[in-house]
Amino acid sequence: MCKVSVIIPNYNGKKYLKDCLDAMEGQSFRDFEVLLVDNGSEDGSREYVEEVYPWVRLIPLRENTGFCGAVNQGIRNSRSPLVILLNNDTVADKDFVGELVKGIESKSRAFSCQAKLLEMRHQDRVDDAGNYYCALGWAFADGKGKPEENYNREKKIFASCAGAAIYRRELLEKTGLFDEEHFAYLEDLDIGYRGKLLGYENWYCPKARVLHVGSGTTGSRYNLFKVRYSSRNNIYLIYKNMPLLQILWNFPLLILGFGVKMAFFTAKGFGREYGAGLKNGIMISIKNRGKKFHAPSVKRYLEIQLELYRNLGKFLIK
């Protein structure tokens, strides 16, 4: 059994696979396997991997199950104590796997550690240096578009970006796997939130470096699919991870946050989709009321609430 299983979800991403898999083949750390979970691609991805990369374990799915369904299949089909999730539109540095392993093994309370993601087109600029969630109900990536040399220090973060992150299997068994109701977007924030509710930590490990195209599957930063699913999943994330009293406590700020986002997306021509996503988020929260996640103590909720306030300040001054 390998120490690490690297799981790469793929949907019609053949054009990215050579660079991504060549980088995996050139890793300095060798005690790992690669599983590529194909979400019913129709662009020849499966045939290409079978022919050119026979060392990759290919898991073919009949249909597109989204990011969550694909990575869950990969996790279930692996046995390694550590699991790395990696987007197909990435090129990892040769020490990427080794640095993530070092990072998580050196932190006894770590649920996850994420790499430093850099923009593929501007490789001196950060794409993601840690994911955060704030009291306005906004998720944001630290450092986006900023000089990468400013983000070379390890730090605790709210959640790891699952586009390039390592998780402990034993802790995934406690939080549960990625919630497939999310399909895509905010699923990594949700699982990181669950880890925090159980008292574990998420870390940013900048020595693990990855170049990232970004929106490699959906094709653009803002589109109808992404806007609708992001707003839908944000409502669901709040419902799942906050008790009713905490939701009521945050309600004024949440209304302000969602209102500002509605105005923003309306100005960009996506107001209807954003509103439809919010409505759908309420509906799936009611449908999945049995999935509400509970912290073992009130203290954990209070600690996270203070962090939501701190993250709001972080967002406003960044």
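The values are calculated or read from the model by the stated rules, or taken from the named source; none is laboratory data. None of these values were measured; they are calculated from a predicted model. Don't worry about glycine lacking a Cβ; one is built from the backbone with ideal geometry, like all the others, and counts go over all protein chains shown.
Listed values, structure above:
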| read-out | value |
| --- | --- |
| Search result, residues across the range 144-163 that are more than 11 Å from the chain's Cα centre (by Cα) and either assigned to a loop (DSSP other than H, G, I, E, B) or outside the structural domain of Tyr193 (by TED's automatic domain parsing) (or both) | Lys144, Gly145, Lys146, Tyr151, Asn152, Arg153, Glu154, Phe158 |
| Residue count for the range 243-272, restricted to those that are charged (D, E, K, R) and either in contact with a Ser or Thr (Cβ under 8 Å, 6 or more places away or on another chain) or free of Cβ contacts under 8 Å to residues at least 24 places away in the same chain (or both) | 2 |
| Identity of the residue in the range 74-94, surrounded by fewer than 20 Cβ atoms within 10 Å (Cβ to Cβ) and polar (S, T, N, Q), that ends up farthest from Leu118 (Cα to Cα) | Asn77 |
| In the range 273-288, the residues that are without any contact (Cβ under 8 Å) to a residue 40 or more places away in the chain and either in contact with a His (Cβ under 6 Å, 6 or more places away or on another chain) or among the charged types (D, E, K, R) (or both) | Lys279, Lys287 |
| Among the residues listed as Arg46, Arg62, the single one being surrounded by fewer than 23 Cβ atoms within 10 Å (Cβ to Cβ), farther than 19 Å from Val4 by Cβ and either aromatic (Phe, Trp, Tyr) or modelled with pLDDT under 95 (or both) | Arg62 |
| Number of the exception - Tyr185 against (1) surrounded by fewer than 21 Cβ atoms within 10 Å (Cβ to Cβ); (2) within 16 Å of the chain's Cα centre (by Cα); (3) part of a loop (DSSP other than H, G, I, E, B) | (1) |
| Checklist (1) surrounded by 18 or more Cβ atoms within 10 Å (Cβ to Cβ); (2) in a helix (DSSP H, G or I); (3) among the β-branched types (Val, Ile, Thr) applied to Val210, failing item | (2) |
| Within the range 114-154, considering residues that are of a type in the set (Phe, Trp, Tyr) and under 18 Å from Ser230 (Cβ atoms), the one surrounded by the most Cβ atoms within 10 Å (Cβ to Cβ) | Tyr133 |
